[in-house]
Structures are given as C-alpha cells and as structure tokens.
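To keep things clear, I will list the structure first and then write my remarks on it.
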Amino acid sequence: DGGITQSPKYLFRKEGQNVTLSCEQNLNHDAMYWYRQDPGQGLRLIYYSQIVNDFQKGDIAEGYSVSREKKESFPLTVTSAQKNPTAFYLCASTTSRFDSGAGGYTFGSGTRLTVV
Amino acid sequence: AQSVTQLDSQVPVFEEAPVELRCNYSSSVSVYLFWYVQYPNQGLQLLLKYLSGSTLVESINGFEAEFNKSQTSFHLRKPSVHISDTAEYFCAVSDNLRNTGKLIFGQGTTLQVKP
C-alpha cells in the first residue's frame with residue numbers, strides 16, 4: 001500500500017545533540033512538508049520541498065535543516081540550535097504544489113521527540 | 001496573510017448528541033478548505049474538503065461542513081456522535097495566492113464524546 005513512513009516513532013535526544021527524523025513516501029508525490037505539533041498550537045510549518053534538490057523555509061525553520069536528494073525522501077534534522085525541540089513532528093506530502101492542496105495532504109504517523 | 005481560527009479548544013458532548021466544531025478563516029482570495037481528524041499519537045487524516053461548487057460537503061462517516069463565504073466560516077457538524085469520534089479535529093485553508101500547496105492549520109479542537 002502507498003503511504004508515508006516516518007521513523008522512529010519515538011526519539012530521545014540529549015541536549016546539544018543533532019538528531020535526524022526520517023520521512024519516506026512511495027506515493028510518487030512531488031511536494032513534501034514537515035510540521036511541528038505542540039499542544040494548543042496546531043501545526044506549524046518547518047520546511048517544505050516542491051521538487052527534488054529544492055526546499056524552502058516555513059514559519060519556524062530556525063534550528064532545523066532538511067535535504068531532498070530523492071523524490072521519495074525528505075529527512076529533517078533537529079540541530080542543537082533548536083532550543084525547544086520536544087514536540088510531535090509530522091511529515092506530509094501532496095501530488096503537486098500546483099494543486100494548492102486540493103488533493104489533500106497524506107500524513108505520516110509522526111515522530112515524538114523528547115529532549116532528556 | 002491567511003489565518004484559521006478554531007473557536008473552541010475542547011468540545012465535550014454526550015454520545016448520540018449533535019455537535020458543531022467551529023472554524024473561521026481570513027483570506028483575501030479564494031481558498032480551499034479542509035477538515036482533518038487526528039487520533040492519539042497518529043498522523044492526520046483528511047475528513048472532508050471544499051474546493052468549489054456546492055457549499056455543503058459530506059464525509060463518509062456522517063460529518064458535514066458548510067462553506068459560508070459571507071461569514072468566512074467552515075463549521076463541521078455531525079447530527080449524532082459516537083464514542084469513536086473522540087479525536088482532535090483541525091480546520092485548514094490552502095495558500096492559493098502563492099500557489100505553494102501549503103496548508104495553514106487552526107489550533108485544533110478536541111472532541112470528547114462521553115457515554
């Protein structure tokens with residue numbers, strides 16, 4: 001079945017460490033997105049990529065980095081510069097940026113990151 | 001800039017009662033509107049969407065939402081809820097102006113269905 005796979009489901013990070021969250025999709029979608037979810041704040045966009053080898057900052061990109069070397073993969077690195085990284089991270093994809101989201105997003109099941 | 005406001009952070013309701021989850025948006029251009037549902041520790045699932053045409057849209061599990069352009073609202077309703085409807089619900093609007101495919105989400109409403 002096609003879908004988005006996020007791994008790991010739970011991740012613990014020590015302060016000062018970088019960690020990478022994986023996001024893989026087999027839907028042949030062009031556009032991929034990373035959101036951060038905190039209680040009571042909805043979903044906030046971190047980074048997005050509309051084509052391979054290109055990505056743009058979202059609303060809260062500071063302390064995060066991404067790459068898009070393959071169409072199927074859009075990993076997110078939470079760097080030590082992110083001061084409050086504990087959150088639920090969601091990856092999503094959609095067919096094309098040109099559909100203005102009309103096709104709807106497909107979401108992964110999320111990664112819960114905790115700083116210890 | 002576009003924004004979405006979900007007017008209630010939590011909505012408690014008894015099983016088999018009707019429910020309305022309110023969503024207002026601000027935008028100077030035409031928009032696409034969405035409702036997503038999230039069960040605990042899971043990703044979001046698309047519940048229904050308004051793109052154009054009939055202002056009343058329905059989902060397969062009994063939810064419906066009505067697009068009201070004059071009031072810039074897209075409230076979600078269900079005439080009779082079940083325990084299994086307990087979840088968090090997100091309203092979202094697409095960024096049609098810049099054609100980026102980005103969605104802007106509201107803060108979420110937690111629906112708590114009580115027996």
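The values are calculated or read from the model by the stated rules, or taken from the named source; none is laboratory data. Small disclaimer: the values here were computed from a predicted structure and weren't measured. Glycine also receives a Cβ, built like all others from the backbone with ideal geometry; neighbour counts cover every protein chain displayed. SASA here: full protein model, heavy atoms, side chains in, ligands and nucleic acids out. Shrake-Rupley method; radii C 1.70, N 1.55, O 1.52, S 1.80 Å.
Data overview
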{"quantity": "Matching strands (runs of 3 or more DSSP E) fully within segment A:6-62 where at least 3 residues are closer than 18 Å to B:ILE104 by Cα and open to solvent by less than 70 Å² (accessible area, probe 1.4 Å)", "calculated": "A:31-37, A:43-51"}
{"quantity": "Flag for A:GLU62 being modelled with pLDDT of 95 or more, among the charged types (D, E, K, R) and under 25 Å from B:VAL37 (Cβ atoms)", "calculated": "no"}
{"quantity": "Residue check for B:LEU103: touching a residue at least 12 places away in the same chain (Cβ under 8 Å), more than 16 Å from B:SER26 (Cβ to Cβ) and within 11 Å of chain A (Cβ to nearest Cβ)", "calculated": "no"}
{"quantity": "Members of segment B:23-45 that are closer than 14 Å to B:GLU88 by Cβ and surrounded by fewer than 19 Cβ atoms within 10 Å (Cβ to Cβ)", "calculated": "B:TYR39, B:PRO40, B:ASN41, B:GLN42, B:GLN45"}
{"quantity": "Contacts under 8 angstrom Cβ, first residue in segment B:27-52 being more than 10 Å from every other protein chain (Cβ to nearest Cβ) and over 26 Å from A:LYS9 (Cα atoms), partner part of a loop (DSSP other than H, G, I, E, B) and at pLDDT 90 or above, 6 or more apart", "calculated": "B:SER27/B:THR72"}
{"quantity": "Residue count for segment B:46-98, restricted to those that are part of a strand (DSSP E or B), touching a Lys or Arg at 6+ places or on another chain (Cβ under 6 Å) and either modelled with pLDDT under 95 or open to solvent by 60 Å² or more (accessible area, probe 1.4 Å) (or both)", "calculated": "0"}
{"quantity": "Residue check, B:ASP85 within 14 Å of chain A (Cβ to nearest Cβ), under 18 Å from B:LYS114 (Cβ atoms) and under 14 Å from the mean Cα position of the chain (by Cα)", "calculated": "no"}
{"quantity": "Residue match in segment A:71-79 (condition: assigned to a loop (DSSP other than H, G, I, E, B), of a type in the set (D, E, K, R), open to solvent by less than 50 Å² (accessible area, probe 1.4 Å) and at pLDDT 95 or above)", "calculated": "no"}
{"quantity": "Unmet requirement for B:ASN24, which otherwise passes all of (1) more than 12 Å from every other protein chain (Cβ to nearest Cβ); (2) of a type outside the set (Ser, Thr, Tyr); (3) under 18 Å from A:ARG36 (Cα atoms)", "calculated": "(3)"}
